[in-house]
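**Q** Here's a structure for you.
The values are calculated or read from the model by the stated rules, or taken from the named source; none is laboratory data. Everything quoted here is computed from the prediction, not taken from an experiment. Glycine also receives a Cβ, built like all others from the backbone with ideal geometry; neighbour counts cover every protein chain displayed.
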Amino acid sequence: MHEESGPASGAATATIDPPKPRRIAGTLYRGREGMWSWVLHRITGVAIFFFLLVHILDTALVRLDADAYDAVIGTYKTPIMGLGEAGLVAAIGLHALNGLRIIAIDFIPGATRVQRPLFWIAIVLWVALLAGFLPRHLMHVFGGA
Amino acid sequence: MSDTATTTVEPPRYSRAPRKARGLEKRAWLYMRASGILLVVLIFGHLLINMFLGTGVRAIDFAFVAGKLANPFWIVWDSLILWLALIHGANGMRTIVNDYARGALRAVLLGALLVATVVLLVLGSLVLWTFDPCIGDTSSGVLAELCGAQ
Ligand code: HEM
């Protein structure tokens, strides 16, 4: 955040050379990891939000009609929905881990300089999370017992 | 971007948001981060119990939920997720709507977002705090005894 005014606040007219067009990477949000993590964060955030709307509605059935709740939750155990749940957990995992990266960048001095390694650390943790979750979940959905 | 001429810019060369708006926006900004940290614990706990341990999603039915909501700990846990996540998500969606929509469309989308959020906060809270296990199958087990008196 910019609390103090920079050198641009002088009254005189300044002469600025045009920006060099060669490199677009090198800033936090333009190009490469910084930009793609933002795109992923936005897409996963929207997906999770719409799921949350539906999830509150389906869970509300638990207050109204036990059989209706069981019927709706039953559809959550089908293969197609099971794959959807896998995708949802993947989305939440990525949003959460990259969210922690954003928070680290914002609050830990110097973390901005290592934002790219931090992104790849989040990805590694995400892969580990899914390696732990997915086989078990897919067994629950597709397996016999 | 192939322009090679030098550009002359009059001061001031930036515009700054008014103080008041910054205060509110800064609070929203802080809320996104504070709620995010709490949600990591709350949501991963939720997924661990409901989607991982035991037989995961297969185990979920009315009786499973009734068992959890018999414990005030889980009522509070789920209420925290409901409020923190829905407000976090809605505020994030507000940012996105402001990024992509203008004029009347923006107003309609923001209005719908606000209405949906308030309605679901009230609905979800009512479900969690007025839950009644006796609307389920009470023919046998603990519920037969517990609900028989009614
Ligand atoms: C699991 C823990 C979570 C963490 C650590 C987290 C973290 C964050 C952070 C740090 C931001 C950026 C805010 C900003 O740029 O000012 C954000 C944005 C957002 N979050 Fe989350 N979040 C979490 C869960 C959720 C959930 C459950 C939802 C949906 C209900 C959600 C939806 C969004 C949306 C829609 C945005 C806006 C994205 C954008 O502006 O591009 N998040 N989150």
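**Q** Has segment B:16-27 got any residue that is more than 14 Å from the chain's Cα centre (by Cα) and within 10 Å of the ligand (Cβ to nearest atom)? Give the derivation first.
**A** Our first condition is that a residue be more than 14 Å from the chain's Cα centre (by Cα); within segment B:16-27, this holds for B:16-27.
Restricting the remaining residues to those that are within 10 Å of the ligand (Cβ to nearest atom) gives B:25.
Scanning segment B:16-27, I find at least one residue that is more than 14 Å from the chain's Cα centre (by Cα) and within 10 Å of the ligand (Cβ to nearest atom), so the answer is yes.
**Q** Cβ-Cβ distance below 9 Å, separation of 6 or more or different chains: which pairs start in segment A:91-118 with a residue that is farther than 18 Å from A:Gly45 by Cβ and end on one that is within 13 Å of the ligand (Cβ to nearest atom) and acidic (Asp, Glu)?
**A** Qualifying pairs under 9 Å: A:Thr112/A:Asp106.
**Q** Let me ask something else. Look through segment A:131-145, keep the residues that are under 19 Å from A:Thr44 (Cβ atoms) and crowded, with 16+ Cβ neighbours inside 10 Å, and return whichever of them is nearest to the ligand (Cβ to nearest atom).
**A** Ranking the candidates gives A:Phe133 first.
**Q** Sticking with this structure for a sec: Determine if segment A:103-120 includes at least one residue that is out of contact with any helix residue (DSSP H, G or I) (no Cβ under 8 Å at 6 or more places or on another chain), at negative phi and within 16 Å of the ligand (Cβ to nearest atom).
**A** Yes, that holds for at least one residue.
**Q** Among B:Leu24, B:Leu47, B:Leu38, which is in a helix (DSSP H, G or I), at pLDDT 80 or above and surrounded by fewer than 13 Cβ atoms within 10 Å (Cβ to Cβ)?
**A** After ruling out the rest, the residue left standing is B:Leu24.
**Q** From the list B:Leu105, B:Leu84, B:Leu123, which residue is more than 9 Å from chain A (Cβ to nearest Cβ) and surrounded by 15 or more Cβ atoms within 10 Å (Cβ to Cβ)?
**A** B:Leu84
**Q** I've got another one for you. Among the residues of segment B:74-83, are any of a type in the set (A, V, I, L, M, F, W, C), touching a Phe, Trp or Tyr at 6+ places or on another chain (Cβ under 8 Å) and closer than 19 Å to A:Ile73 by Cα?
**A** no
**Q** May I pose another question? With the requirement that a residue be within 8 Å of another protein chain (Cβ to nearest Cβ) and over 22 Å from B:Met93 (Cα atoms), what does segment A:24-63 give you?
**A** Within segment A:24-63, A:Thr59, A:Ala60, A:Val62, A:Arg63 qualify.
**Q** Report, ordered by the first and then the second residue, all pairs with beta carbons closer than 7 Å, sequence separation of six or more or different chains, a first member in segment A:120-145 that is in contact (Cβ under 8 Å) with a residue 12 or more places away in the chain and within 8 Å of chain B (Cβ to nearest Cβ), and a second member that is surrounded by fewer than 15 Cβ atoms within 10 Å (Cβ to Cβ) and part of a helix (DSSP H, G or I).
**A** Every condition considered, the pairs that remain are A:Val141/A:Pro79.
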